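Each remark here refers to the structure printed beneath this line.
The values are calculated or read from the model by the stated rules, or taken from the named source; none is laboratory data. No experiment lies behind these values; they were computed from the predicted model shown. FYI the Cβ positions are ideal-geometry reconstructions off the backbone, even for glycines, and counts take in every protein chain you see. With ligands, DNA and RNA removed, areas are computed over all heavy atoms of the protein, side chains included. Shrake-Rupley method; radii C 1.70, N 1.55, O 1.52, S 1.80 Å.
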Amino acid sequence: MIKIENLTKFYGERLAVDDISFNIERGEVVGFLGPNGAGKTTTMRAITGYLMPTDGEIWVADYNMRKDPLKGRQQIGYLPETIPLYTDMSTRAYLRFVARLRGLDRKKAQKRIDEVVELCRLEEYINVLTGKLSKGFRQRVGLAQAIIHDPEVLILDEPTVGIDPLQVVQTKELIKELGRKRTILLSTHILPEVNLICERVIIIHQGRIVAEDSIENLSSILEGRQRLRLKINGPVDEVTENLSKINALSEVSYRDPYYLLEFPIDQEPQNEINQMLTRGGWTLLSMEAVELSLEDIFVKLTSKREEEQ
Amino acid sequence: MRRIFLICEKELGTFLTSPMAYIVTAIFLALSGASFSTYLAQTSYSDTSIRGFLEAGQLLILLFSALLTMRLISEERKLGTWEMLLTAPVREYEIVLGKFLSCLIVLGGMLVLTLFFPILLVILGDPDLGPIFTSYLGLMLLGCSSLSIGIFASSLTPNQIVSAVIAGGILFGLWFLGPVGNLVPDPVGEILSYFSLSHHFPGFMRGVVDTRAIVYYLTVAAVFLFLSVRSIETERWR
Ligand SMILES: Nc1ncnc2c1ncn2[C@@H]1O[C@H](COP(=O)(O)OP(=O)(O)OP(=O)(O)O)[C@@H](O)[C@H]1O
Ligand SMILES: [Mg+2]
């Protein structure tokens, strides 16, 4: 659905994106991760046709963005990093303008406005000037304008940045919902954000792709290790000491109120831990497996790359 | 075509809901009205023409254009809506023409208000209607040129003030080429005058419709609209 070949973008002398290629299949929801200045926005601007690449080709829904930009753009819904709002228009007037700009006729526009307003839960704000909305609602209006023409492809540049945690959850749910029948590329540098939404992640750093895989694969490839998080009823010192004695465990640490255990992927220390607890007369309150966070993955990948260079 | 009207409609909405269009219209009417009546008084009401209005009006149109257009593209950049427009299936020229058309309509609306002056003359005296008619044609043509220069300036910068200053610079520069041309010996002086915004206007005031003048104003408009489109296109290659 989105195909990028050898995309390179210079801003004058400055190299922002350095020869990247990737493919996103129809229906995939892909996270695009990288720290500030990695080149996420630049890549997304090239995909949406806002910027022309210095080099390389981009196809969206089989339209080449150089040769067929208008048809290509029609397939894309785009939420830019700065939410594009005419502050002197009401939500309704703004959505109507975008819908008409996207080629919907009056009747169709009205119908779609009703639909997206319901989907994005904007009913109460339909007649409010967009300039008067809070950040979270501005973001939702931004999403609403991106999907107004029911595009196959959604490009979302940091859709959850700067909004409060409760709204982040709602926005993520909304994106997940949208992802059921669409192809989505969404960028973020708040790494754990994509954990629940994306099937696959592409990690970009200094304009280059450093990793591209499913979240699970990335964690296991990187480490060959597993993690457990325990909650134990007992004196911290003694429990830690006894846990450290278990050979299968390679690392034991305590972060109130949890014990964090690391061990190689071929080991199964659960039984030993249970026996140890029974011996000490302590009770196990909870035990759960912990995936490596994207934060960890990211730090590891980038440091690994730097070592290679 | 449909998208040109859509963008025009949106701009008109903004003009009507924000103070700028009203402020420049008020300034225009006040100053040109003052000039209108001063002229009549000076000639002891013997020359019942709108000459006073036109003398001030032609310069005020330049100011009007610079102020009316300064936010047109600059503001979109500041709001981030520019990125939305340029990633929608719209062509650059549709954006430029839509905005240009909206300005022309505002200018037309304002000029309709100034019809108060000639109507007053018709009621109180016996003015020559021919020159009045051609003068209005001249004002509209001058407006076409200066508005497109304003739009071009606005396409260059995200800062409205800078945009107005650039527009003012180009407009008054082109305007005063005329007086400068008169000081320089021909043929250089003649060429300078030909390229001046001011050189072609007096004909309309006298009631003469010169094809060269019409071609001049429309060409200037076309050139700067084209430059605006190019300036937007090159932005993608930045
Ligand atoms: N218009 C521009 N002109 C010049 N340099 C730019 C421009 N836009 C971005 N850059 C540079 O290109 C690089 C990539 O920027 P980009 O905005 O794509 O990063 P990003 O991954 O989106 O970062 P962030 O997480 O901060 O949004 C940065 O070094 C940035 O300074
Ligand atoms: Mg960015």
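Observations on the structure shown:
- Remark: region A:1-156 projects, on average over all directions, an area of 9.8 nm² (convex hull of Cα atoms).
- 5 Å binning of all Cα-Cα separations within region B:12-85, expressed as whole percents from 0 upward: 3, 15, 18, 17, 13, 11, 8, 6, 4, 3, 2, 0
- Taking amide H as placed 1.01 Å from N in the peptide plane, A:GLN226 has its amide H under 5 Å from the amide H of A:PHE263, A:ILE265, each at least 5 places away in sequence or on another chain.
- Residue pairs, from the table A:LYS3/A:LYS135; A:LYS67/B:LYS78; A:LYS40/A:LYS71; A:LYS40/B:LYS10; A:LYS132/A:LYS181, whose Cα atoms sit over 25 Å apart: A:LYS3/A:LYS135; A:LYS67/B:LYS78; A:LYS40/B:LYS10; A:LYS132/A:LYS181
- Over the protein assembly as shown, volume per residue of the alpha carbon convex hull, in Å³: 200 Å³
- Legend: residues A:LYS172, A:LYS245, A:LYS3, sorted from most to least accessible area (1.4 Å probe; ligands, DNA and RNA excluded), read A:LYS245, A:LYS3, A:LYS172.
- With one equal scatterer per alpha carbon and no solvent term, the Debye-computed log10 I(q)/I(0) for chain A at 0.09, 0.12 1/Å reads -0.57, -0.86.
- The apolar share of the surface of chain A, taken as the fraction of accessible area on carbon and sulfur atoms (1.4 Å probe, ligands and nucleic acids excluded), comes to 46 percent.
- DSSP finds beta bridges in the protein assembly as shown, and of those with both partners inside it, around 70 percent are antiparallel.
- Residue list for region B:68-84, given a label point 7 angstrom along the Cα-to-Cβ vector of B:VAL162 and an amide N cut-off under 13 Å: B:74-75, B:77-78
- Each label point was placed 7 Å from the Cα along the Cα-to-Cβ direction; for A:MET287 and A:LEU70 their separation is 6.5 nm.
- Helix axis angle, A:91-101 relative to chain A longest principal axis, alpha carbon, degrees: 70 degrees
- For region A:12-93, the set of trypsin sites (Lys or Arg not before Pro) satisfying both a DSSP loop assignment and a count of at most 13 other C-beta atoms within 10 Å is given as A:ARG26, A:LYS67.
- Label-to-label distance for A:THR8 and A:LYS132 is 5.2 nm, based on points extended 7 Å past Cα in the beta-carbon direction.
- Among the residues of region B:1-36, those with an accessible-area drop of 10 Å² or more from chain alone to full protein complex, heavy atoms and 1.4 Å probe, are B:ARG2, B:ARG3, B:LEU6, B:ILE7, B:GLU9, B:LYS10, B:THR14, B:THR17.
- For chain A, built as a Gaussian network whose Cα springs stay under 10 Å, the top-fluctuating residue of A:GLY39, A:GLY280, A:GLY72: A:GLY280
- Normalised by 2.2 N^0.38 Å, where N is the number of residues, the alpha-carbon radius of gyration of region A:116-253 equals 1.46.
- Other protein chain Cβ atoms within 10 Å, averaged over every residue that makes up A:96-109: 3
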